[in-house]
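To start, the structure itself, in structure tokens.
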4 protein chains.
Amino acid sequence: MGDNTLGTLFTITSIGESHGDLIGIIVDGTPAGIELDLELIQQELDMRKPGQSSLTTPRMEEDKVKIVSGIFNKKTTGAPICLTIENKDVDSSKYEEFKGVLRPSHVNYSALMKYGQYYDYRGSGRFSGRITAGFVMAGAIAKQILKKYNITIFAYTKSIGNIIDEEVYNTSDYESLLELRENSLVRTLNQEKSKLMEILINEVKAHKDSIGGLVKCIVSGFPAGKGGPIFNSIESNISKAIFSIPAIKGIEFGAGFKASSMKGSEHNDPWILKDGKIQTIKNDSGGIIGGISIGMPIEFTVAVKPTASIGISQKTVNIDTMENIKIEFSGRHDPCIVPRVIPVVEAMTSVVLLDCLLIDGFVPRVFKS
Amino acid sequence: MGDNTLGTLFTITSIGESHGDLIGIIVDGTPAGIELDLELIQQELDMRKPGQSSLTTPRMEEDKVKIVSGIFNKKTTGAPICLTIENKDVDSSKYEEFKGVLRPSHVNYSALMKYGQYYDYRGSGRFSGRITAGFVMAGAIAKQILKKYNITIFAYTKSIGNIIDEEVYNTSDYESLLELRENSLVRTLNQEKSKLMEILINEVKAHKDSIGGLVKCIVSGFPAGKGGPIFNSIESNISKAIFSIPAIKGIEFGAGFKASSMKGSEHNDPWILKDGKIQTIKNDSGGIIGGISIGMPIEFTVAVKPTASIGISQKTVNIDTMENIKIEFSGRHDPCIVPRVIPVVEAMTSVVLLDCLLIDGFVPRVFKS
Amino acid sequence: MGDNTLGTLFTITSIGESHGDLIGIIVDGTPAGIELDLELIQQELDMRKPGQSSLTTPRMEEDKVKIVSGIFNKKTTGAPICLTIENKDVDSSKYEEFKGVLRPSHVNYSALMKYGQYYDYRGSGRFSGRITAGFVMAGAIAKQILKKYNITIFAYTKSIGNIIDEEVYNTSDYESLLELRENSLVRTLNQEKSKLMEILINEVKAHKDSIGGLVKCIVSGFPAGKGGPIFNSIESNISKAIFSIPAIKGIEFGAGFKASSMKGSEHNDPWILKDGKIQTIKNDSGGIIGGISIGMPIEFTVAVKPTASIGISQKTVNIDTMENIKIEFSGRHDPCIVPRVIPVVEAMTSVVLLDCLLIDGFVPRVFKS
Amino acid sequence: MGDNTLGTLFTITSIGESHGDLIGIIVDGTPAGIELDLELIQQELDMRKPGQSSLTTPRMEEDKVKIVSGIFNKKTTGAPICLTIENKDVDSSKYEEFKGVLRPSHVNYSALMKYGQYYDYRGSGRFSGRITAGFVMAGAIAKQILKKYNITIFAYTKSIGNIIDEEVYNTSDYESLLELRENSLVRTLNQEKSKLMEILINEVKAHKDSIGGLVKCIVSGFPAGKGGPIFNSIESNISKAIFSIPAIKGIEFGAGFKASSMKGSEHNDPWILKDGKIQTIKNDSGGIIGGISIGMPIEFTVAVKPTASIGISQKTVNIDTMENIKIEFSGRHDPCIVPRVIPVVEAMTSVVLLDCLLIDGFVPRVFKS
């Protein structure tokens, strides 16, 4: 399958460049008969869009969603839905100047090696985080559909730099988690930590530097017995989708890396019959065993690296002159991308899980309200 | 694509059950004209097979590879290669007895929810780690082909429990790394740590418990500019493949989870011109930027959970009687699966990377020696 | 893969509805560095667009191609190319009126059964022949690339109704075939037959009826040894793509259906060494043996059914009242769609064959001029 | 996807060579809980196997089906089912002798161009019609499952050479059609025509020649509203599968090629309400409109070319000496392959349609008896 298409029955195809006309996504396989709430799609986009606060890039983009196909009489028809947003605040001047200069941990060298001199280097082109606005639009559709089956996808900032929120939240109350997150500029759930994270980001920004963090994602209400074994394990498909997001360097499910130092007697989640329902006492498995859901929340954490684009002087190479040089980049960048990654993680997770439920037959091809 | 097939041009299809007739793999898309070294395939299998030492399950399997198609005059023909090993030392008696008992962190509940009562529960059936013997055979083919292009894939035990080897090894000397690993029963590179790990495993085993660990994998010689952007990022495809291995709960590339607490100025890998070659001074990116290789070693670490099957008494549910119970399982299991996961990680990585190079056209469809 | 995406490495994703905002196509996997001739894309579109002559539907559409992504500095970047045309001359009034009336041999019943009442019935929505304008844009890209490798794809009208041109044309002279075709309103190669076909279409049109025909397609310059065996046979992939075009009811390669009444001694194409090149004396195999090209022209013929939408009174069912009724439809339709199918057949063939050559590695991922 | 794998949710992967150890198929995506009738699989195989009568190749193969995975307690588990048959009566001596001689309309040239000298040329290796024994085994599984939903797939010999049975059969009585076919050595339905066909085949055989024919396939009981639009049209997917069968050179649905000379008023199938059911009066659409089923029988006809391997002297080229030569081949071949193609056409159709119904959700992933 092409590099820009993902999924089996519910598929998304990503288009657009950072400094081109638009960013878009084609969503195929949506069940027919679903009344999409355009406002909700816009809300998700607004969570990702730049210029939300002093903590994000000053690039100003309205990111207004437009649906150009697949909807008729306000409902999905089963045809591919194409959603786009325009690029407006484009300033490509910076990129011409530094064309021959490799940017540390930035895609301009790998793109050059893959596509020759032909790739669109303006604002990282196809490799820009801006591409993920398309993911978010697709995810907002998937999320709405999953909601109809009482499945909620929720992500939040677990850490920025060394400021970590280790608390385990009760995911059964989706609405109050949403509220907690809305109260935080950095989309974390603990107000105190939130303040510390903001201070850290501002500090880093003042030094023209950047900082990474962790995003935790929790899926509630997902039924047991879904997902595939082997190559279609839920972990396989979620991780494939998550690593499509620029800046992600790691993913772990349930206890994750901690499991590597645990004993079986500690890590194993005992089964318990509670209120006539089979559950586990704890959830170190992250809701998935053998690649298949067990009815407990699906939980995973992803590591977001610090933005590569920083203003500090760095060693690098000029490939035109083939010289070792030092360079300071300017440009409009996020000191910390983590809060803006939140809706993207939710989006990719929603896309993967809806595909999984369509494959299973749990979600039918025509919606029955 | 089916749950049991992976890949685009170089594909593998997995068959077999733990207590069925055989375990097998169908490898499609192998370039024609390659003389496969059957001995090397067997060696890889031997690294994974049970009963290698007192540290592994006492199940005795010869795991003798047999190729039943795709080879003619000792060379690959371009046709699908089917490789099988027989199951011999099968003891299914234990499984009948505990049929209705959910096993903590074990797949018997999720399989039941997905397949109804029809799944093959003997020795975990399709969900057994034994399935990965098929992966290893496919990987051994891919690995041999990559070797012809001077690409080596090397994995080792980085930790067992809390005994961690933090050393960064020079991957340019593949042969001496191999030698170091061969000297260790647990497939680690530091002799002292190896001893400690062995002691830990034996201790855990004596307590009828199990223990997890970390596997690090390093790919050397992989050319720059390969892999896809977005959904075909190298991280996406490697992680999808790695999470197909039972017991894996996390994966990180380069600095990985550490990146989440780093600043851009720390994490960024400065470019440098050295011996006329473009390189990075360090490799926190793990050899991949924007999903595409940069010519540096591809490095990642995976978290292996402790084996779920332990002999210690555990709380669980009997779904026949729908009662909360306590149970002690016996059976033949590994106290620590990490050393046996090593060849499987190498195998899946080899499969993904060969597919990537066939898609790119770097590896041609007919081998030119 | 989704219903609206086709291909392995060179993929196309179709969007849009007949009476929606636009028709579009996303082309992924185009090699980087190719200077696309936009004028040629427009020319192909013009061959398909409505309102070209009195022989086609009176719907007037400019069908002006617009590229919204994937091009930078006038060249392909390797990123997905999104091409669109706007719908302008939309008149949906006729469709509301006949909503509950099944149209003989028309998709409104099958769409209803598949998508419930939610499908877009205006102008057949997703099922309209208008969708193929997207195919043509994608094909025009593939065609230009194939041309750089001296591969030409040429289709023409072989018959309308019972007026058949049985002549076998020398495909080595692509330019003169193009010229012959341009001289014919119905895109046939024999001027006399062309006149007869025009008369027939006008006659049929006067009776508010429609008529079918045959399209022959010839690919010249395609190298030997390409295509896959078994499920990726060239016939398999071409036929899959061709049957995606509405109104196609049959396809045959080489001697095709005639082969069913031939003896082996007649049908077999003897090999001959001519000018140092291995060829066959005749081409009843249609350039493909065992699914793989042999270096001779790839030849196939497709059967186009008469347009279902006719003005003559027909028996049918009103599904709202559940009554057998008789009905006369009006609306703007082609009395004979065959001439407009020509560029679509060329397009789909180009798409499939370019994908085939990318898979083979014959066409590299970065264009070397 | 690999050349040897077909399908989306119900997939088949083909392995084996004509003169290798075995022929096999891996069937993935079978719903769990189905009791397979092994005898029925064997019966289908017996219809295809060589040496059935004087009309077929004298190669004697028992073709005894063996299931090596995916079945437990006599039922499908949802795991991949691997079915194999051994090759026993292998005589490769003929092939060494003629290695450098191109065989007219035979795959040895295209295989050479694709795979270099490495392909398995013994008995056509992967390109042998014998491969289709694997298809038949997979089809026999799909067919049994479809039967549980009252869907029957039936094919018969419509013509051999110029002896054509034009009669339109009432497909509602599946059992009596089966009986008619069983009474004919050539698997046609008209006894008189059957005799003439036998005579023709014997005549052709006496002249060391071969002869082609037509196979008609009718699917009854297939529900309306299934199949996809555009690239997943039922015609697209059936034709892709059918052209995977060696010797097929054409396919047409419903009126097919005849539609090309019909008027809309003739070709259109009027809808009628009969017994409260929506039907069409006739079935020139072949049960499919817009790629989607309408609840009428799915009907198509395929053209089978005469076997390329004949004993008559033919012109050809010796590629070792690069000379034009004349040659007479001997070897064991069918004078007419048509009767043996019947079960293969049924098999591929069954595979495609079951996949279609799994994608739709009509057939669930766990069988409810």
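The values are calculated or read from the model by the stated rules, or taken from the named source; none is laboratory data. Note that the structure is a prediction, hence the values are computed from the model and not measured. As a convention, Cβ positions derive from the backbone with ideal geometry for all residues, glycine included, and neighbour counts pool all protein chains shown. The accessibility values were calculated without ligands, DNA or RNA, using every heavy atom of the protein model including side chains. Shrake-Rupley method; radii C 1.70, N 1.55, O 1.52, S 1.80 Å.
Peptide D:13-23 has a mean shielding of 6, counted as Cβ atoms of other protein chains within 10 Å of each residue's Cβ.
For A:Ile327, the label point sits 7 Å beyond Cα toward Cβ; its separations from the matching points on the remaining copies run 6.1, 6.2, 6.5 nm, from shortest to longest.
Its Cα centre serving as origin, the protein assembly as shown has a Cβ charge dipole (Lys and Arg +1, Asp and Glu -1) of approximately 0 debye. For B:Glu35, the label point sits 7 Å beyond Cα toward Cβ; its separations from the matching points on the remaining copies run 4.8, 5.4, 7.2 nm, from shortest to longest. For chain C, the longest principal axis of the Cα atoms and the long axis of helix C:38-48 meet at an angle of about 50 degrees. Principal-axis analysis of the Cα atoms of chain D puts helix D:132-148 at an angle of about 10° to the longest axis. For the protein assembly as shown, the solvent-accessible area of protein heavy atoms averages 33 Å² per residue (probe radius 1.4 Å; ligands and nucleic acids excluded). For peptide D:119-126, the mean count of partner chain Cβ atoms within 10 Å of a residue's Cβ comes to 5.
Calculate what fraction, in whole %, of the accessible area of the stretch C:130-261 sits on carbon and sulfur atoms when a 1.4 Å probe is rolled over the protein chains. Carbon-and-sulfur percentage of accessible area, whole number: 49. Highest mobility in the GNM of chain A, judged by mean-square fluctuation with C-alpha springs under 10 Å and restricted to A:Glu35, A:Glu86, A:Glu179, is found for A:Glu179. Please list log₁₀ I(q)/I(0) at q = 0.27 Å⁻¹ for the stretch D:91-131, using the Debye equation with identical point scatterers on the alpha-carbon positions. Values, matching the q order: -1.04. With the convex hull of its Cα atoms as the shape, the stretch C:251-369 has an orientation-averaged projected area of 14.3 nm². The label-point distance for A:Lys195 and D:Glu192, in a model that sets each label 7 Å from Cα toward Cβ, rounds to 10.0 nm.
Toward the positive end of the charge dipole of the stretch A:273-351, with +1 on the Cβ of Lys and Arg and -1 on the Cβ of Asp and Glu, the farthest Cα among A:Ser309, A:Ile319, A:Gly287 is that of A:Gly287.
With both labels modelled 7 Å from their Cα along Cα-to-Cβ, the C:Asn162 to B:Lys368 distance reads 5.8 nm. Model label points for A:Asp89 and C:Glu203, set 7 angstrom from Cα along the Cα-to-Cβ axis, are 6.8 nm apart. Packing around the peptides D:348-355, A:45-52, taken as the average count of other Cβ atoms within 10 Å per residue, puts them in this order, highest first: D:348-355, A:45-52.
Every pair of different Cα atoms in chain C enters the Kirkwood calculation, which places the hydrodynamic radius at 21.6 Å. Taking both sides together, the accessible area buried where D meets C is about 7800 Å² for a 1.4 Å probe. Whole-Hz Karplus values for the stretch B:222-228 come out as 6, x, 7, x, 9, x, x Hz, taken residue by residue from phi with 6.51 cos²θ - 1.76 cosθ + 1.60 and θ = phi - 60°; glycine and proline positions read x.
Among the trypsin sites (Lys or Arg not before Pro) in the stretch B:237-315, none is located in a DSSP loop while being surrounded by at most 11 other Cβ atoms within 10 Å of its own Cβ. Of the peptides A:300-307, C:151-158, C:110-117, the order by per-residue mean of other Cβ atoms within 10 Å, starting with the highest, comes out as A:300-307, C:151-158, C:110-117. Give me the percent of the accessible area of the stretch A:1-54 that comes from carbon and sulfur atoms, probe 1.4 Å, all protein chains in place. Of all accessible area on the stretch A:1-54, carbon and sulfur atoms account for 45 percent. Each part reduced to its alpha carbon centroid, the stretch C:280-348 and the stretch A:247-313 end up 53 Å apart. Under 5 Å from the amide H of D:Ser105 lie the amide H atoms of C:Asp269, each residue being 5 or more positions distant or on a separate chain, with H modelled from the backbone and absent for Pro and chain starts. Averaged over the residues of peptide C:98-104, the number of Cβ atoms from other protein chains lying within 10 Å of each residue's Cβ is 3. Normalised by the number of residues in chain D, the mean separation of alpha-carbon contacts (under 8 Å, six or more apart) gives a relative contact order of 23 percent. Copy-to-copy label distances for B:Asp173, where each label lies 7 Å from Cα along Cα-to-Cβ, are 6.0, 7.2, 8.5 nm in order of increasing length. Given +1 at the Cβ of Lys and Arg, -1 at the Cβ of Asp and Glu and no other charges, the dipole of the stretch A:243-345 around its Cα centre is 120 debye to the nearest 20. Contact order for the stretch D:185-273, expressed relative to its length and based on alpha carbon pairs under 8 Å spaced 6+ residues apart, stands at 10 percent. A viscosity of 0.692 mPa s and a temperature of 37 °C, combined with the Kirkwood radius over Cα pairs in Stokes-Einstein, give a translational diffusion coefficient for the protein assembly as shown of 100 µm²/s. Surface listing: B:His267, C:His106 arranged by accessible area from highest to lowest gives C:His106, B:His267, probe 1.4 Å. Based on Cα contacts under 8 Å between residues 6+ apart, the stretch A:117-199 shows a relative contact order of 21 percent. Taking θ as phi - 60° and the Karplus parameters 6.51, -1.76 and 1.60, the scalar couplings of the stretch D:72-79 work out to 8, 6, 6, 10, 5, 9, x, 7 Hz in sequence order, x denoting glycine and proline.
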